[in-house]
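Contents: one structure, followed by commentary.
Nothing in this text is a laboratory measurement; each read-out follows from the coordinates by a stated rule. Please read all numbers here as calculations on a predicted model, not as lab measurements. Neighbour counts run over all protein chains shown; Cβ positions are idealised from the backbone, glycine included.
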Amino acid sequence: MKAQADLYRELPSVDELLREPSSAALVAQEGQSPVTDACRSVLDHLRSRIADGHLDAEKLRLALSDMPKAIEMELRRVLSYSLRPVINATGVILHTNLGRAPLATSAIDHVHETAATYSNLEFDLSTGERGKRDVHVERLFQQLIASTDENTSTDSRQSSPAVSTIVVNNNAAAVLLALNTLAEGGEVIVSRGELVEIGGSFRIPDVMSKSGAILREVGTTNRTRIADYERAINERTRLLLRVHRSNFEITGFTEQPTIEGMVVLAQKHKLPLMEDLGSGALFDLRSVGINNEPGVLDSLRSGVHVVTYSGDKLLGGPQAGLISGREDLVRKMRSNSLFRALRVDKLTYAALEATLLAYVKRDYNAIPALRMIELSKSEIARRAAALKSKLHSSQLRAELVDGESLIGGGSAPSSTLPTTLLALTCYSLSAHELARRLRACDPPLIARVEEGRVLLDLRTVFPEQDEVLGQVLLQAAAAQK
C-alpha cells in the first residue's frame, strides 16, 4: 500500500499540468474548459491503472513523460465528431448501418442554402400569410404520379381519385399514422405471412398495437387466399393491409393474393386498402434487371388507396416516411394530432424536394443510389483492376473475383447485381484482423469478410474515393509490419 501511495504522490495536479507550455498552447487553441477536462481524464486513467496494479515506478515515469501527448490525444478524441464519413466497400447499396442512401449533390446544396438562413417553410410568399410545409413536395409528387403514368389515358386519369402525399419522419411513423387514422378501435386484416419484423425490432403487430388498431390475422405463413380475407371481414373491419416482405422471401409451396384481387375485394366491401411497401421505388427497377419489387406507382395505378414507403431507400433521398394515397384519406391523416408529432423539419423537406426534382427531370444519374444500381460489372472491374495495380505491398495479395452486390435496406431481398470484387489476403494477419485495421484507418474502410478474405466491392465506393481507398489499404498493410 505504501508503494502505491508513493505512486499517487508522483502524479501532478491539474493546475500544474495547465501551466505546462504544451497545455497553454492547447488552451489558446481550444479553450480552458476542454483542456482542463482532458487533464483530469488523463490523471483519472493513471490513478485507475495504479489502483489496478498495472503501473510500477518505471512505467509511471514513462507515462508521465508522455503526459503532453496523452492530453492532446484525449482532447482530440473528445472534440472530434462521433458521426464520421466512411468508405462503404461492402457492395450493399442501401446499407442501413451506414446511413442508407447517400444524398444527391443537389440535395446537399439545397439543405445548405435552406439551413444557413431563413426560408419560406410555412410562409406563403404570394399572400404574405402562414402557409403549409407540405406544398414544397406535394406539387412534385403530384407531377410524378401523373407524368409517369404512361399507360393510362387522359380520360382515365381525370376520372381517378386525386392522390395526395404527406411526409413524416420514417416509414414506421407513416404506418403508425395511417393505421391510427384509418383503423383506431377497429380491426385491420393482414396475412400471417406478412407480419414482418425488420431491423431495429420494428414489428408490424407492435406498431399496429400502438396505433390503437386491432390485428386480425388470416391465412397461414406460406399461403393466404382472397377467401381468407373475405371470411374475416365483419362490421368491425376498418382496413385491409398488405405488407411488403422486407429482408426475406417465402418460396416453395406458397400463395399470395394479387394486388388486383385485393383491390376488387376492398371495393366490394367499401374498405380502404393500404400497402406498406417499406422501400418504395419511383424508379422502374425492371430496367436494371430487378423484378418482383413493387413500386409506388405500380401500387397506386392498381387501385391501392394508401401506400407507405421510405425516403432514404430506393427513393434515394433523406430519412422520411411517405404516405401517398387517395386525397380524402390523406387529408384525414394530415388533421390527426399525431401528424404534428411525427412531421419533419426544413432540412428533410429541402433534401426531399431536390431529390424529387431529379425524378421530375428524369435525371436518375444524379441520385447516387440509382447510379450505383446501374453501374455495369465491366466498369466496376476496370476500377478494381486499376486499384489492384497500385497495391505495391509485400504484405497484401490482391486478386479479382466475380461476386454479387446487394440492394439492401429490405429491398429486393432475392435480387443481386453482378459485380467484380477485389479479394485481399494479408500474409501476417487474419481476414478479420485486417478488416478491423481497415475500420481503424482515416477514413474508416468498411468491407466484407468471406472465406478467409477481405472483399471490396467498388459498386458502393464513389469513383473519387478510389485513390483514398488505395492509400487506406497500404496504410493498414504498413501498420502491421
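Below, the figures for the structure above:
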quantity: Efficiency of FRET from Cβ geometry, Gln475 and Lys377, R₀ 22 Å, rounded to 0.05; calculated: 0.20
quantity: Dipole of the range 103-366 [Lys/Arg +1, Asp/Glu -1 at C-beta], most positive-end residue of Ala350, Leu329, Gly316; calculated: Leu329
quantity: Relative packing of 465-477, 393-405, which averages over residues the other C-beta atoms within 10 Å, highest first; calculated: 465-477, 393-405
quantity: Packing-based order for 67-80, 268-281, 420-433, 130-143, using average beta carbon neighbours within 10 Å, highest first; calculated: 268-281, 420-433, 130-143, 67-80
quantity: Selection from Gly303, Ile214, Phe283, by position along the positive dipole direction of the chain (Cβ); calculated: Ile214
quantity: Mean Cα-pair separation over length for the range 103-366, i.e. relative contact order, pairs under 8 Å, 6 or more apart, %; calculated: 27
quantity: All lysines inside 28 Å of Lys59 as judged from Cα atoms, apart from same-chain residues fewer than 8 positions distant; calculated: Lys2, Lys69, Lys481
quantity: Descending Cα extents along the principal axes, the chain, whole Å; calculated: 86, 54, 49
quantity: Burial ranking of peptide ranges 295-307, 108-120, 322-334 (average Cβ count within 10 Å, highest at the top); calculated: 295-307, 322-334, 108-120
quantity: Under 19 Å from the Cα of Lys270 - lysines, other chains or at least 8 residues apart; calculated: Lys332
quantity: Cα shape, the range 301-448, gyration tensor, a/c 1.5 rule; calculated: prolate
